[in-house]
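Below you'll find the structure, written out as structure tokens, and then a few comments.
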Amino acid sequence: MATVMFDRPLDYPLQTPGAAIPLRPLVSVIMTVHNSAPWLEAAVISILQQQDWENLELVAVDDASTDGSVAMLERLAKLD
């Protein structure tokens, strides 16, 4: 099983070291993937282009795909 994480960095400065809470909490979107290559790029882009939330991460969990889905996820993660 392969897991690829897409992170959006926090843009909020710490008010006191290690104690600040971002104005908008992190939202994690979990996507399960199995042989989804034909739709995968569009799905990932759709999630990451959400304009309503700045602090967003996408966690894609692949379940032994054989169609190149993992390679596609790794390529997309490098672009983010």
Subject >> Accessible surface ranking that places the most exposed of 67, 62 first, with a 1.4 angstrom probe >> reply: 67, 62
**OP:** Can you tell me how much longer the chain between residue 50 and residue 67 gets when fully stretched, taken as 0.36 nm per residue apart minus their C-alpha distance, in nm with one decimal?
**Re:** 3.4 nm
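The values are calculated or read from the model by the stated rules, or taken from the named source; none is laboratory data. This is a predicted model, so every value here is computed, not measured. These area figures cover heavy atoms from the full protein model, side chains too; ligands, DNA and RNA do not enter into them. Shrake-Rupley method; radii C 1.70, N 1.55, O 1.52, S 1.80 Å.
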